[in-house]
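One structure below.
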Amino acid sequence: MPGDNLLDPLHVASMAAKPTGGTQHPNGDADDVLAALAEHDGGDAFVNLQDWYPDWPYQNDGIDAYLAEIEEMVPIMEASEHADRLVYVPFNEPDWIWYHRGADYEGATARFFRDWDLAYERLREIAPDTPIAGPNESHYDARFMRDFMAHVAEAGTVPDVITWHELSPDSLRHYAGNEAHYRALEAEFGVEPRPININEYGNNRDFGMPGQMVQWAAMFEDTDALADMAYWTAAGGFSGNAPQTNVPNGGWWFLKTYSQMTGQTALVTPPQDNTVDTLQGIATFDAAKDQAQILLGGGSGDTTVDVTGLDLGRKVTATVHEIAWTGNEGSSPAPQVIDRVALRPDRNGAASVDLSDLDPMSAYWITLTPGTGRADSVDLPWTGTWEAEDAAITAGTVYNEGSATNAFAFPASGGKSVGSLNRADSRVAFTVDVPEAGTYDLTVTYGNTYGRNLAEGASPTEQFLTVNGGPAATVTYPSTMQWGSRGQVILQVELEAGENILALAKSDPEAGTAYGEAGLDKIDLTPATVDAHTYPAVLARTEGDVDYRYGRHEGVVVRGDEQVVFDVYAPADGYYEVAVDADGKGDLTLVGPHGENAAFDLAAFDGTAGQTLALHEGINRIAVAADGRRSLHVHGLTVTGDGGDDGFTQIAADDVELAGTARLTDNEWATGGRTVTGVGGGEGNTATLTVEAEEAGPHLLLVHYANDERSGNHDYNIDIISRYAQFTVNGDAVRTVPMRGTWSWNDFWSYPLIVELEAGANTIEIGNPGLHTEIGDRQGRTADFDHFEIAPLLN
């Protein structure tokens, strides 16, 4: 968790984990994290050893008892085939857990120094080659850090990696000084420079918002520090950047873009240094690719980006992309090109790019490549945004959301939202103005955890939408993790040219009273069109020693085993037209979404070729390679469509063959009114699908499921439990997969699998034969199943 399609492009440099078998959370064991890092070309797992304990703050049984626990847990992790990626963090925030200093600074630090030495020595005995990190305080304390470094330098217990946390918005102001203070201590005490990992940073108001995340990344990049996002929310969501298993939000696209900035970093001078919530940036130059990239954000209004020392020739094309905020749980398309400019750098490589009307919630990605002296204009579709707090509100309340003074709250557009819309007359009416009559996509950004504390459990919630006083349409909002964790729903409306009134209400005279309660943040409108997005090869991921070309023949040349990998976004499950723009013959391959460790060869092509492919919602990996005999010049990949179930075979819950404890259960939110429950938890408790395939080959199976198992109440984490399911096709076990929590048993998400079918009748059996023995165990019941869809990958 999350899915491989989200992890693979990120090359995660470090990740926090709990010990294998630890009980602080039901997810995140070191062995799982190590496997993910190894598979996706990542870095190290920083293991908080105290997460062995279930309590928060950790129970304190004394240092001897803790050392005994270390002796039990560490050998288990050392046995991993990926143990070379381990880093042990023996204490987590000791300044307030076990060693709270308060009025007795000397006594508390003396106890910690003694226990640090004992833990350090015990770890060296058990795992002499595994790095140790610390002191891992909740914030940087200059007095303590000086005393700590003086002690460990004398005692010979200096950590291999220095860690502390930067969680406050003020960290954006103070981190640079903290890092400089620490580096001076190394020099003072004769300690060889250590890597730094800020292994918890940021807060809810930061994650998922590109404009905030770039400020943190720029700050750490300036000091060559590693940094790990703090874990404030729920397992599987990559700290608020992965709404569903393979579905990205704007925060994920920021991370992906950042991870693909290759070459050498360039000096960036922001308008203001060491200031909270200001325009900051990162820049790189890659001579091998003939590319420069700039990633910036956190500011508003207009700005000019001045570049000097650019070595890309006298004609350069600057392409500006926006990475927009879509809420923590809103699905995000790829960065949108908003401008393209032909630059002519002077002899010093100086040029400027003007940016206007910056959104502080967005990040902006500028790519600089050799050009032709001309740049194609960018035709942006019209769009409009209206804040809920500025609308006509009846029986509702305006709330302040995440900010520098309210960092634990989640962000909202404009910093406010409208809630408490739970009365019969609750209503928010937006007066909008559109340029012409027609069909528009209406995006509603909302929050919903209705029923979480009610006996009937959480569920989707509803409001009624009216346009210009017309008939009411029901808007259904899936559950979100918390009220402030924003999701998005998209529906189409017919609007007149000019002014229109769109109202979202709790009740309607004709339709009655809607179920539940949702909070509203904003609405967006844009003309409804069939989406087409082109992914340039020069900005895609590549494998092998490929050649880059620019100008009129821009593209990537691949030979032999080399390939271009496109991370393609699909807004919904369904078929899409996928067109390769290339010179020569090649092969198109879809990489499996969940670690199948195999690629599915779809089609050979010659030149510009289009194929109709079944894609799942979110990120799909599509690789393009030469046919093995000649080189292939790849210009790009264009994906057109908006998904849908045309061409997919539907299998309802009532059509599934059930055995053992598996049964049908009524559920008003399910597609057919019933779900399959009771699968797994022992041999023979299975659900079997019978599928007719016209031709043999790979098929996309979509499993619509719900899972709301939780391990109990944590102080701030929502400890959801991923339920596992084993899939067997025609008698052969294919894969056991984790299905992440969907926030309620009444919310159904789509889980994709690729399965090989034979021509004619096929059986797909779902089960989980083991017995549930402990929280977080991979055995036990599967998720509940609503319905299934299946279609050939290539239509």
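Summed over segment 141-166, residues that are open to solvent by 30 Å² or more (accessible area, probe 1.4 Å), of a type in the set (A, V, I, L, M) and closer than 29 Å to ALA407 by Cα total 1.
Any residue in segment 312-332 that is of a type in the set (Asp, Glu) and either closer than 25 Å to ALA176 by Cβ or under 25 Å from the mean Cα position of the chain (by Cα) (or both)? Spell out how you get there, then give the answer.
Of segment 312-332, the ones of a type in the set (Asp, Glu) are 322, 329.
Going one step further and asking which of them are either closer than 25 Å to ALA176 by Cβ or under 25 Å from the mean Cα position of the chain (by Cα) (or both), we end up with 322, 329.
Within segment 312-332, one or more residues are of a type in the set (Asp, Glu) and either closer than 25 Å to ALA176 by Cβ or under 25 Å from the mean Cα position of the chain (by Cα) (or both).
The residues listed here are GLU517, GLU510, GLU554; of these, the one that is surrounded by fewer than 20 Cβ atoms within 10 Å (Cβ to Cβ) and at pLDDT below 95 is GLU510.
Look at (1) part of a loop (DSSP other than H, G, I, E, B); (2) closer than 24 Å to PRO333 by Cβ and you find that GLU510 fails only one, number (2).
Scanning segment 347-371 for residues that are part of a loop (DSSP other than H, G, I, E, B) and either loosely packed, with under 14 Cβ neighbours inside 10 Å or under 32 Å from the mean Cα position of the chain (by Cα) (or both) yields ARG347, ASN348, ALA350, ASP359, PRO360, MET361, SER362.
Per the conditions (1) under 23 Å from ALA235 (Cα atoms); (2) open to solvent by 10 Å² or more (accessible area, probe 1.4 Å); (3) not hydroxyl-bearing (Ser, Thr, Tyr), the sole criterion not satisfied by ASP95 is (1).
Taken together, ASP41, ASP32 contain a single residue that is touching a His at 6+ places or on another chain (Cβ under 7 Å) and either closer than 16 Å to ALA13 by Cα or of a type in the set (Gly, Ala, Ser) (or both), which is ASP41. Of the set (1) open to solvent by less than 50 Å² (accessible area, probe 1.4 Å); (2) more than 20 Å from the chain's Cα centre (by Cα), all apply to TYR569 but (2). Here VAL47 meets the list (1) part of a loop (DSSP other than H, G, I, E, B); (2) touching a helix residue (DSSP H, G or I) at 6+ places or on another chain (Cβ under 6 Å); (3) open to solvent by less than 20 Å² (accessible area, probe 1.4 Å) almost entirely, failing just condition (1). Among the residues making up segment 595-620, a single one is open to solvent by less than 20 Å² (accessible area, probe 1.4 Å), modelled with pLDDT under 95 and within 22 Å of the chain's Cα centre (by Cα): GLY595.
Within the span defined as segment 104-119, one or more residues are modelled with pLDDT of 95 or more and either under 30 Å from PRO593 (Cβ atoms) or among the basic types (Lys, Arg) (or both).
Scanning segment 209-220 for residues that are over 18 Å from ASP44 (Cβ atoms) and in a helix (DSSP H, G or I) gives PRO210, GLY211, GLN212, MET213, VAL214, GLN215, TRP216, ALA217, ALA218, MET219. A search for C-beta distances below 7 Å between a residue of segment 99-127 that is closer than 17 Å to PHE144 by Cβ and any residue that is assigned to a loop (DSSP other than H, G, I, E, B) and acidic (Asp, Glu), counting only pairs 6+ apart in sequence or on different chains, returns ARG101/ASP95. Considering the conditions (1) within 17 Å of GLN50 (Cα to Cα); (2) open to solvent by less than 30 Å² (accessible area, probe 1.4 Å), LEU118 is excluded by exactly one of them, (2). Has segment 487-494 got any residue that is open to solvent by 20 Å² or more (accessible area, probe 1.4 Å), over 16 Å from ASP747 (Cβ atoms), modelled with pLDDT under 95 and in a strand (DSSP E or B)? No, segment 487-494 has no match at all.
Results for (1) surrounded by fewer than 17 Cβ atoms within 10 Å (Cβ to Cβ); (2) among the charged types (D, E, K, R), shown as yes or no for each residue.
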| site | (1), (2) |
| --- | --- |
| ARG183 | yes, yes |
| GLU188 | yes, yes |
| ARG194 | no, yes |
| ASN203 | no, no |
| ASP206 | no, yes |
| MET209 | no, no |
| ALA217 | no, no |
| ASP222 | no, yes |
| LEU226 | no, no |
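Scanning segment 692-733 for residues that are in a loop (DSSP other than H, G, I, E, B) and either of a type in the set (Asp, Glu) or under 24 Å from THR671 (Cβ atoms) (or both) returns GLU694, GLU695, ASN707, ASP708, GLU709, ASP715, SER722. Based on what the data block shows, is TYR548 outside any loop (DSSP other than H, G, I, E, B), open to solvent by 20 Å² or more (accessible area, probe 1.4 Å) and under 25 Å from LEU615 (Cβ atoms)? No. Criterion first (in contact with a helix residue (DSSP H, G or I) (Cβ under 9 Å, 6 or more places away or on another chain) and in a loop (DSSP other than H, G, I, E, B)) does THR109 satisfy it? It is false that THR109 is in contact with a helix residue (DSSP H, G or I) (Cβ under 9 Å, 6 or more places away or on another chain) and in a loop (DSSP other than H, G, I, E, B).
Here's the yes/no breakdown for (1) under 22 Å from the mean Cα position of the chain (by Cα); (2) open to solvent by 20 Å² or more (accessible area, probe 1.4 Å); (3) free of Cβ contacts under 8 Å to residues at least 12 places away in the same chain:
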position	(1), (2), (3)
HIS714	no, yes, no
ASN717	yes, no, no
ARG723	yes, yes, no
ASN730	no, yes, no
ARG740	yes, no, no
ASN746	no, yes, no
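Filtering segment 641-659 to residues that are open to solvent by less than 50 Å² (accessible area, probe 1.4 Å) and more than 28 Å from THR763 (Cβ to Cβ) leaves only GLY641.
Take the residues of segment 648-668 that are part of a loop (DSSP other than H, G, I, E, B) and at pLDDT 95 or above: which is nearest to ILE754 (Cα to Cα)?
If we take residues in segment 648-668 being part of a loop (DSSP other than H, G, I, E, B) and at pLDDT 95 or above, then PHE648 is nearest to ILE754 (Cα to Cα).
Answer with yes or no whether LEU689 is within 22 Å of THR742 (Cα to Cα) and in a strand (DSSP E or B).
Values: within 22 Å of THR742 (Cα to Cα): no; in a strand (DSSP E or B): yes.
Here the answer is no, as LEU689 does not meet what is asked.
With segment 254-346 as the region, which strands (runs of 3 or more DSSP E) entirely inside it contain at least 3 residues that are surrounded by 15 or more Cβ atoms within 10 Å (Cβ to Cβ)? Full working, then the answer.
On the way: elements: 264-266, 280-286, 291-297, 301-307, 316-323, 336-343.
Output list reads 280-286, 291-297, 301-307, 316-323, 336-343.
Of all residues in segment 519-536, those satisfying the criterion of being within 30 Å of GLY555 (Cβ to Cβ) and either free of Cβ contacts under 8 Å to residues at least 12 places away in the same chain or assigned to a strand (DSSP E or B) (or both) are ALA532, HIS533, THR534, TYR535, PRO536. The set of residues in segment 523-545 being more than 25 Å from ASP379 (Cα to Cα), crowded, with 16+ Cβ neighbours inside 10 Å and out of contact with any Pro (no Cβ under 7 Å at 6 or more places or on another chain) consists of THR542 alone. Selection of segment 577-594 for residues being touching a Gly at 6+ places or on another chain (Cβ under 8 Å) and either among the β-branched types (Val, Ile, Thr) or surrounded by 23 or more Cβ atoms within 10 Å (Cβ to Cβ) (or both) yields VAL578, VAL580, ALA582, PRO593.
The values are calculated or read from the model by the stated rules, or taken from the named source; none is laboratory data. On a predicted model such as this, the values are computed, not experimentally measured, just so you know. Glycine gets a Cβ as well: all are built from the backbone with ideal geometry, and neighbour counts include every protein chain shown. SASA here: full protein model, heavy atoms, side chains in, ligands and nucleic acids out. Shrake-Rupley method; radii C 1.70, N 1.55, O 1.52, S 1.80 Å.
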